[in-house]
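Contents: one structure, followed by commentary.
Read the figures in this text as sums done on the coordinates, not as results from a lab. What you are looking at is a predicted structure, and each value in this text was computed from that prediction instead of being measured. No Cβ is skipped: glycine too gets one built from the backbone with ideal geometry, and neighbour counts run over all protein chains shown.
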Amino acid sequence: MKPKPNPPKVAVCIIGAGASGAAAAKVLTERGIDVVALEKGPWRTRETFGGDELANINRYNLWPDPLLNPRTVRTSPDEEPTVDLFCPVPQMVGGGTVHWQGWLPRFTENDFRMRTVVGDLPGATLADWPISYADLEPYYSKVEWAFGVSGQAGANGFEGPRSRDYPCPPMPVSRYAEKFHLGCRELGWNSFQTPQAALSRPFNGRPATVISAFAQQHGDPTGTRSSALNVFVPDALRTGHYDLRPDSYVREIAVDGRGRARGAVYADADGDLVEQQAEVIILACGAVESARLLLLSRSGRFPNGLANGSDLVGRNVTFHEYSAAVGVFDDPIYAWAGGGYVSASSFQFYEHDESRGHASGGHIAAAGVGIPLPINWSLPGRPAWGPEAKRIDRDYFNHSMAVAMVIHDMPQHENRVDLDERVTDAWGLPVARITLKPHLNDLAQGRFLIDRNAEILEAAGATGIQKVYIDRVTGNCSHQHGTTRMGDDPTSSVLDRWCRAHEVDNLYVVDGGPFPTATGANPTLSIMANAWRVAEHIADGRGAS
Amino acid sequence: MTAERFFDAHQRATIEAAMARIIPTDDLPGAREAGSIDFLDRYLAGIGSIYARPDGSGFEVLAGKRAEAWQRRIDAIRARYVAGVVTLDRLSRASFGSEFALLETSQQDRILTEVERSEGGSTGSGEGQDGDAPPLQQTKAEIDLGFFGLLCLHTRQGFYADPIYGGNRDRVGWQTIGFPGPTSLAEVHSGRYSTLAWFAESQPEHDAGAGDEA
């Protein structure tokens, strides 16, 4: 049998069609540049999504199936790794944005200079970013306006200067958001409606977002939420320059004799192995999978993985960690309304404050408890079964809420993603192995924030308040960063300030991998803004040549 | 119906009796009235009802790697239930001289507590969790659960999942906890389902300014 011929070479090949890959594709194709996108997962359309808690939360309808796409995790190299669905993100066209709620706060000015702000923190590898808030600000606006973000400019008292208002007013106030605002008001703390990837009113030819109970962790059958799938992918397709190939699993980035990236070797939808050659290759697989792909791409020139002469690929990985204080109210909260995440936020304890005795802080916000739908709702300490379990379900399902946070976890050299030596995925490739131990600062910061969260609940009149402190990082919020740090110094970073590999001049990474520090905020707005910035730079460079 | 059954009559009666202790019937319906056993028996019957079609018109037909993964998972879970029934009966005979399904409910509770402890669970753990409490927002991988963890998980799923999966009969699970829920999967799929009525009663006014600028 003849091998299948390779597809013709293209200007740009993007690996991944999630938040960052689709954002880059939109920008490049709208500049008239031909893009081939290779997406590992399927291309699902809105007709395939629905309001089915069992399928979406419990049966891997959108989440990766751990039997097909496992990862392994350990806390140190001395330990045998265990198989775990660590920090999963849907692998499909649209990526994590397919099933997200889409909290889209901006990072603050200090997020880009954390080393300068905090100084030397023993055990951590804090670094200033090679770009500033001002560098990214125009792209925040571009994404907010292309996407349709609902929020209120100036409402977050800790936000950096912005060149433009939000395109849509904030989302309606849920009862859990109302409680959060009340608690913050009582305490004298700033709070604001969480900026969201949803339309509070019709925008740009799109109808207002339908506010369902099946939101966070569910796909959107109405097509009205703002996501890479609903916005950037259609934008790119409209140009006629976007060749999006789902079910295309890239196994390796091949290099040419000069050590440049030549093409992506992938199993196509028929399972045939072909190579898509390109002048420029952009990785947009998410920080874990992009690092894995680089490490899988070994060659004589790059024996430790592509662009990994520094041994930094996969290191300094950060994951945030989501936890909360929870409480119950006499009056109903209906935390499932809006899926539990049409919320209110505060950056009151986001910025670094020396007097707290730990570095930095994080975004805190109102939420349902866990996934506040019947099967998956629970309260900490609820028994697994019996009359008391049933009583708790009955009495508190409609009356409970969380004030939640993500920690700004510290980057550490020994925290890393590499390839597992034993476990392979369903396609026979070594899976990502996570080696991770939280920094003491992460735990102290988590305790501090959760104590503040409990105070908000108390000030709002909650009872039965429980604090769920973090004692380990489980990757439970699907945020991932740092595996391909950007920086000006090739000995301490993988990518330059344009997210181009120091060692491979036609290879870029545009997901969360380039972020030198995790920050304490939901990263995807910044990931998309940065991808837009990089894509524009690539397009400018091509125009000049 | 036979195509939607896995258990034999004895297994079915045993698991149904156990489920009735996981979510007991009181002044409100429990697992028995919701038909949690029907939900589970259909789940274990094969891979034909893993995912409802999102418009409620039937079930997805799985193929390829996805089908293989689900068959592996179902096979593993079946084996745990088959062994679990044997364990329940063995412990029941040893302690009370009779098979599990015929015991008094208080005796059944003692047997279930014993099984739960043997799996390392404590009554303080969350639903479907054997051992330490779950991080918020995550569920444990189903295939990692032992018999008792699966029993709790599937009882709950059969009580609270959309009725299309064979449990939550007449939506009694949702009524028990006051979840109004959509009338059908089709209501959500078509975009008619909204939860705005359960938002805060007072909403701030916003300018209606032009939002159509690109």
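Results, tabulated for the structure shown:
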item: Under 13 Å, Cβ to Cβ, from A:A501 - net charge with Lys/Arg +1 and Asp/Glu -1; result: +2
item: Estimated FRET transfer efficiency when R0 is 22 angstrom, pair A:H413-A:R113 (beta carbons, to 0.05); result: 0.65
item: Relative contact order (%) - criterion: Cα under 8 Å, at least six apart; region: region A:172-230; result: 26
item: Inter-site label distance for A:K9 and B:L62 at 7 Å from Cα along Cβ, in nm; result: 4.4
item: C-alpha long axis of helix A:387-396 to longest principal axis of chain A, angle in °; result: 90
item: Förster-model FRET efficiency, 22 Å R0, A:E388 and B:S106, C-beta, rounded to 0.05; result: 0.90
item: Using alpha carbons only: equivalent-ellipsoid semi-axes of region A:231-367, gyration tensor based, whole Å; result: 42, 24, 14
item: Mean Cβ count within 10 Å, highest first, over the residues of peptides A:174-180, A:109-115, A:221-227, B:57-63; result: A:174-180, A:221-227, A:109-115, B:57-63
item: Mean shadow area of region A:406-545, taken as a quarter of the surface of its Cα convex hull (nm²); result: 12.4
item: Under-5 Å amide H pairs with A:I14, H placed in peptide plane, nonlocal only; result: A:V36, A:A37, A:L38, A:I282
item: Kirkwood Rh and Cα Rg combined as Rg/Rh, region A:347-416; result: 1.16
item: Cross-link partners of A:K467 among lysines (Cα-Cα below 20 Å; sequence separation of 8 or more within a chain); result: A:K179
item: In nm, spacing of pseudo-spin labels at A:S299 and A:A444 (7 Å Cα→C-beta vector); result: 4.6
item: Extreme residue, positive dipole direction of chain A, given options A:L126, A:H241, A:T97 (C-beta unit charges); result: A:H241
item: Rounded to 10°, Cα long-axis angle of helix B:9-22 versus longest principal axis of chain B; result: 60
item: Largest to smallest principal axis extent of the C-alpha atoms in chain B, angstrom; result: 76, 42, 32
item: Magnitude of the charge dipole, chain A, Cβ model with Lys/Arg +1 and Asp/Glu -1, debye to 20; result: 780
item: Cβ neighbours within 10 Å from other chains - mean over B:168-178; result: 3
item: Proportion of all alpha-carbon pairs of the protein assembly as shown beyond 49 Å (%); result: 14
item: Calculated FRET value between B:H206 and A:L187, using beta carbons and R₀ = 25 Å, to 0.05; result: 0.45
item: Label-point gap, in nm, between A:R164 and B:F96 - each point 7 angstrom along Cα→Cβ; result: 6.9
item: Charge context of A:R238, other residues only, Cβ under 11 angstrom, K/R +1, D/E -1; result: -1
item: Whole-number D in µm²/s for region A:101-155 (Stokes-Einstein; Kirkwood sum over Cα pairs; 4 °C, 1.567 mPa s); result: 99
item: Computed P(r) (all Cα pairs; region B:1-83; 5 Å bins; percent); result: 3, 14, 20, 21, 18, 13, 8, 2, 0, 0
item: Under the Debye formula (equal points on every Cα, no solvent term), log10 I(q)/I(0) of region A:1-92 at q = 0.11, 0.18, 0.21 Å⁻¹; result: -0.54, -0.98, -1.06
item: Entries in A:K9/A:K40; A:K390/A:K437; A:K437/B:K140 that, when Cα-Cα distance is taken, lie over 29 Å; result: A:K390/A:K437
